[in-house]
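The values are calculated or read from the model by the stated rules, or taken from the named source; none is laboratory data. Owing to the predicted nature of the structure, the values given are computational and were not obtained by experimental measurement. Virtual Cβ from ideal backbone geometry, glycine too; neighbours counted across all protein chains shown.
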Amino acid sequence: MTGPVLVGGVGLPWLRDLDFGTQFIVRFEHEPWPDGVLLEDLSYAAHRVLHRLQEIVPAKVVLVGAMPRDVDPPGTVRRYTLDLTPPPPEEVHDRLAEAVGGIIDLDHTLAVVRHWQALPADTTVIEVEPADRSFGLGFSDTVEDAVEEVLRLVREEVGASEVLR
């Protein structure tokens, strides 16, 4: 492993549960983490995340966020190894156009960074099914209840399960 292990949060500020990635990083960035683990808020346009990944060249990436997939009950935590197959060019074009216009979400970021192969083979996504997508601060109770599970999974991914809180 040459580069850092990046734990990146992607969220939509001021949109309750959809701000999960951002608020996860804010909550836990000052906790003890192993050397070489970098926690960073990646809640900005997808093309800027691409440039940040090209700058730090992480050896491993763990992305955290909330995405409405509408296939699981709110509060469901999903962890999956990301398929790095680039999306079709038309999708990347559309996602970039929306990102430049201010759209920030996990799917836009993933489409762009996969297209330019900016992610290492060891990339995991941990996402929560949101319950409340409205304007406001703080998580719904359902998503708040998922925070500790997400933290446990992130610590497991970065080899920090022995680090006590």
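With respect to the conditions (1) at pLDDT below 95; (2) crowded, with 20+ Cβ neighbours inside 10 Å, V61 falls short on a single one, namely (1).
Of all residue pairs spaced 6 or more apart or on separate chains, those with beta-carbon atoms under 7 Å, a first member in region 38-49 that is of a type in the set (D, E) and a second member that is assigned to a strand (DSSP E or B) and buried (at least 17 other Cβ atoms within 10 Å of the Cβ) are E40/L6; E40/G8; D41/G9. Within region 16-32, residues that are free of Cβ contacts under 8 Å to residues at least 24 places away in the same chain sit with their Cβ atoms under 6 Å from residues that are of a type in the set (A, V, I, L, M), at 6+ positions apart or across chains, in these pairs: E29/L39. From V113, V100, which residue is out of contact with any Lys or Arg (no Cβ under 9 Å at 6 or more places or on another chain), β-branched (V, I, T), closer than 17 Å to L42 by Cα and without any contact (Cβ under 8 Å) to a residue 60 or more places away in the chain? Step by step, each of V113, V100 is checked, and only V100 is out of contact with any Lys or Arg (no Cβ under 9 Å at 6 or more places or on another chain), β-branched (V, I, T), closer than 17 Å to L42 by Cα and without any contact (Cβ under 8 Å) to a residue 60 or more places away in the chain. Of the residues examined, R16 is one that is touching a Phe, Trp or Tyr at 6+ places or on another chain (Cβ under 7 Å) and either surrounded by 19 or more Cβ atoms within 10 Å (Cβ to Cβ) or of a type in the set (A, V, I, L, M) (or both). Here are some conditions: (1) touching an Asp or Glu at 6+ places or on another chain (Cβ under 6 Å); (2) farther than 22 Å from L119 by Cβ. P32 meets all but one. Which one does it not meet? P32 satisfies every listed condition except (1).
Against the criterion of being assigned to a strand (DSSP E or B), closer than 16 Å to L153 by Cβ and of a type outside the set (S, T, N, Q), L6 qualifies. Output yes when any residue across region 23-33 is within 28 Å of D94 (Cβ to Cβ), in contact with a Lys or Arg (Cβ under 7 Å, 6 or more places away or on another chain) and either part of a loop (DSSP other than H, G, I, E, B) or among the aliphatic types (A, V, I, L, M) (or both), and no when none is. The answer is no; no qualifying residue exists.
Of all residues in region 78-119, those that are at pLDDT 95 or above, surrounded by fewer than 19 Cβ atoms within 10 Å (Cβ to Cβ) and outside any helix (DSSP H, G or I) total 13. With respect to the conditions (1) surrounded by fewer than 17 Cβ atoms within 10 Å (Cβ to Cβ); (2) aromatic (F, W, Y); (3) at negative phi, F28 lacks only one, and its number is (1).
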